[in-house]
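A quick write-up on the structure given underneath.
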Amino acid sequence: MSLPPGFLDELRTRVSLAQVVGRKVTWDTRKSNPGKGDHWAPCPFHQEKSASFHVDDRKGFYYCFGCHAKGDAISFVKDTENVGFMEAVEILAREAGMQMPARDPRAQERADSRTKLVEVMEQAVQFYRLQLRTARAQAARDYLAGRGLGEAAQARHELGFAPDDRTALTSALTAKGIGVELLAEAGLTIVPEDGGRPFDRFRGRIIFPIRDVRGRAIAFGGRAMSPEARAKYLNSPETPLFDKGRSLYNHQRAREAAGKAGSLIVAEGYMDVIALCEAGFAHAVAPLGTAITPDQLQLMWRMADEPVIALDGDAAGLRAAMRVIDIALPLVTAGKSLRFCVLPEGLDPDDLLRAQGPEAMQTLLDGARPMVDLLWQRETEGKVFDSPERRAALDKTLRETLGRIADPSIRAHYTAEIRDRRADFFRRERPEGGRAGGGFRPDGGFQPEGGFRRAWQPGMRRPAPQPLPTAGTKASLLARSDAGPEAEARVREAAILCVCLNHPGLAAEYDDPLDRTPFLNPDLAALRAALLAALSECLDKPEPRTHLMDCVRAALGEDPMPRLMAIGQVRLNPHLGPGAEPQHARTALADTLAWQAATVGMGAELREALQALAGRGDTAAGEAADLTWRIGQAAEARNRAARGHSRAAESATVDEESLSAHLQSFIDDQIWVKKKR
């Protein structure tokens, strides 16, 4: 619906913003100056104690210096009442005594119909509440009392009772002049297709009214009193008022409570929400008989940035949590996510509150787990990854799952987090005498998969080191600097990223070694994470390189190429750019990855060897030869990766000799022997 010119300007002129806002806040009298239209209060949009929310009543504008919320009277009503633009205009127009412009006839007809349905629903609410006080509802009252809900609590939540009578509600409301057709449209009455007599939808059930964010009754939920009922819980059908995928139980009350608490609890059912409210957790809602939908997630995020999903600790509750993760992943954005509070097995929130009290519930809520925790648990719990094929299958599943995250920045952070968890997981799971997969050592070094697994024992043949790719061209042999390991690694890491950004197909081909190869420079490691996160969605695009660049820029907030091209060895290397021959680019990538892994692996072996020698007792002498051999193998691996470039090879030889000499000095001095004083 369009509004005539000048209507909104006149509305803003007639409405006092201070009066509109004053219904939701308490003004700070020390800072405010009402005579000048200057008002201050704690912000209604985020939890705070100081008065950082400013209203300039003369200009009709508000601004929060804490959360930076800003707007006019219309936007304030929209955000605090959770209504659309036109509904906010209607609310303010009624307050200002202004007549809304005439709608088109069909729209007006639909609005009138909805108004009639709301009136019918309110009549039904009153009928069911009265029935709860009758003799026929004794069993229902006893059940509610057994759940700790006395008369006052029943009244607070407007609980009612539907008699076990096919026409109790229909007869009562038609006697008041309400037509059966209107009752059927509201979902209260069922009209048989064969022309039979209409009958009540809810019979023999405790009734829970469902209200929208504006407080209008739009549907009912009913809990069966008979254990033989087909369904324990029954909801109203879809109606012009009710869309269960876009509604939440206790939405209106929870919205205001969530603003004060700074959080939102999402439980599974009506009784859980009521129990939470009665225990002081008024900021609780529940979906309506279905899994949480994307629309419901958006409603929740309007109330809190990180709603806490409180689920039963049984298998069904965990399955529900996993379904929520799949729905939420494509929708999460910076600051908008979910946390999960998994209750002890066999307990729901109502059980926990009655058995252990609100403090126990608050403790569980405070310890709610981030979504990435349950995602990792789902993909790894109860599974064995004792073969390369199984580990590759896990990697594929994780890439596909993370590829569903739409926000590039969030996807990059998830990828980095999952990569760290994967490395830790396989490090813990490695069998005796070996490793379950390539990953990071406890000291920060890198262990390539398949390399240097078994400790040498006297009489054992030296195992041949796993062959690594060798240099086929000078493209991958980047000159070393004299500024230390991080500077040397920066040249290699920048070359790896440059060729991957320019050749997405190669990056996808080498995504596993690229993911497992350690990076020493944090900024380049973050760039790698963004690149890996974006790969899955760029390969099927008409211009994958352009799409990959766009995704990485969006994730990092900057163009990464200037940083990479600032390194002369990268900028001047023709085999790293977009126009390089595919085979040359492939060789450059494979060789530089191998060189990086071997070089960092050698440093890890040295650190581990020195720590082992320094901390051992008399048994260290028997292991010294093995440790020296391990260092030699690491140096040889590095030499293989750097073969073909004389300077790198010479440097590697010097490194090997100096490392061996250093270890030999430890052996000669027998530093593991405690000296007598």
Over segment 362-387, the set of residues more than 28 Å from residue 333 (Cα to Cα) and either touching a helix residue (DSSP H, G or I) at 6+ places or on another chain (Cβ under 6 Å) or surrounded by 15 or more Cβ atoms within 10 Å (Cβ to Cβ) (or both) is 385
So which residues in segment 558-578 are of a type in the set (Gly, Ala, Ser) and without any contact (Cβ under 8 Å) to a residue 40 or more places away in the chain, if there are any at all? 566, 568
Please pick out the residue among 534, 598 that is modelled with pLDDT under 85, over 25 Å from residue 396 (Cα atoms), in a helix (DSSP H, G or I) and in the same structural domain as residue 402 (by TED's automatic domain parsing). 598
Mind telling me which of the residues 295, 243, 314 ends up being surrounded by fewer than 18 Cβ atoms within 10 Å (Cβ to Cβ), more than 23 Å from residue 121 (Cβ to Cβ) and of a type in the set (Asp, Glu)? 314
Those residues of segment 401-425 which are touching a Ser or Thr at 6+ places or on another chain (Cβ under 7 Å) and assigned to a helix (DSSP H, G or I), in sequence order: 402, 410, 425
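Pull up segment 354-401, narrow it to residues that are hydrophobic (A, V, I, L, M, F, W, C) and touching a residue at least 60 places away in the same chain (Cβ under 8 Å), then point me to the one that is nearest to residue 279 (Cα to Cα). Before you say what the answer is, go through the steps one by one.
Let us first name the residues in segment 354-401 that are hydrophobic (A, V, I, L, M, F, W, C), namely 355, 360-361, 364-365, 368, 371-372, 374-376, 384-385, 392-394, 398.
Checking which are touching a residue at least 60 places away in the same chain (Cβ under 8 Å) leaves us with 361, 365, 368, 392.
Details: 361: 9, 365: 14, 368: 19, 392: 48 Å.
Ranking the candidates gives 361 first.
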Which numbered condition trips up residue 401, out of (1) out of contact with any Asp or Glu (no Cβ under 8 Å at 6 or more places or on another chain); (2) modelled with pLDDT of 90 or more; (3) not assigned by TED's automatic domain parsing to the domain that holds residue 311? (1)
Within segment 65-99, of all residues that are in contact with a Gly (Cβ under 9 Å, 6 or more places away or on another chain) and of a type outside the set (D, E, K, R), the one surrounded by the most Cβ atoms within 10 Å (Cβ to Cβ) is 73
Between a first residue in segment 506-528 that is aliphatic (A, V, I, L, M) and a second residue that is not in a helix (DSSP H, G or I), which pairs have beta carbons less than 8 Å apart while being 6 or more apart in sequence or on different chains? 508/539; 525/519; 527/560
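Are any of the residues in segment 24-38 under 30 Å from residue 306 (Cα atoms), surrounded by 15 or more Cβ atoms within 10 Å (Cβ to Cβ), of a type in the set (Asp, Glu) and at pLDDT 85 or above?
Here is the first cut: in segment 24-38, the ones under 30 Å from residue 306 (Cα atoms) are 24-28.
Subset that is surrounded by 15 or more Cβ atoms within 10 Å (Cβ to Cβ): 24-25, 27-28.
So of that shortlist, the ones also of a type in the set (Asp, Glu) come out as 28.
Of the ones still in play, those that are also at pLDDT 85 or above are 28.
Yes, the conditions are met somewhere in segment 24-38.
Return the only residue of 553, 545 being assigned to a helix (DSSP H, G or I), charged (D, E, K, R), under 30 Å from residue 405 (Cβ atoms) and without any contact (Cβ under 8 Å) to a residue 40 or more places away in the chain. I'd like the intermediate steps shown before the answer.
Details: 545 fails: without any contact (Cβ under 8 Å) to a residue 40 or more places away in the chain.
Of 553, 545, the one residue that is assigned to a helix (DSSP H, G or I), charged (D, E, K, R), under 30 Å from residue 405 (Cβ atoms) and without any contact (Cβ under 8 Å) to a residue 40 or more places away in the chain is 553.
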Verdict on residue 68 being closer than 30 Å to residue 301 by Cβ, modelled with pLDDT of 85 or more and assigned to a strand (DSSP E or B): no
Segment 144-186 - residue that is part of a helix (DSSP H, G or I) and under 38 Å from the mean Cα position of the chain (by Cα) and, of those, surrounded by the most Cβ atoms within 10 Å (Cβ to Cβ): 144
Within segment 571-584, the count of residues that are surrounded by 15 or more Cβ atoms within 10 Å (Cβ to Cβ) and under 37 Å from the mean Cα position of the chain (by Cα) comes to 2
If you scan segment 374-400, which residues turn out to be over 20 Å from residue 343 (Cβ atoms) and part of a loop (DSSP other than H, G, I, E, B)? 382, 383, 384, 385, 386, 387
In segment 36-65, how many residues are among the charged types (D, E, K, R) and assigned to a strand (DSSP E or B)? 2
May I ask you to verify whether residue 282 is outside any loop (DSSP other than H, G, I, E, B) and under 22 Å from residue 153 (Cα atoms)? no
Just one of the numbered conditions (1) in contact with a helix residue (DSSP H, G or I) (Cβ under 6 Å, 6 or more places away or on another chain); (2) part of a helix (DSSP H, G or I); (3) closer than 22 Å to residue 410 by Cβ is not true of residue 499; which one? (3)
Restricting attention to segment 42-65, and to residues there that are touching a Pro at 6+ places or on another chain (Cβ under 9 Å) and of a type in the set (Gly, Ala, Ser), which single residue is modelled with the lowest pLDDT? 50
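The values are calculated or read from the model by the stated rules, or taken from the named source; none is laboratory data. From a predicted model like this one, the values you see are computed outputs, not experimental measurements. No Cβ is skipped: glycine too gets one built from the backbone with ideal geometry, and neighbour counts run over all protein chains shown.
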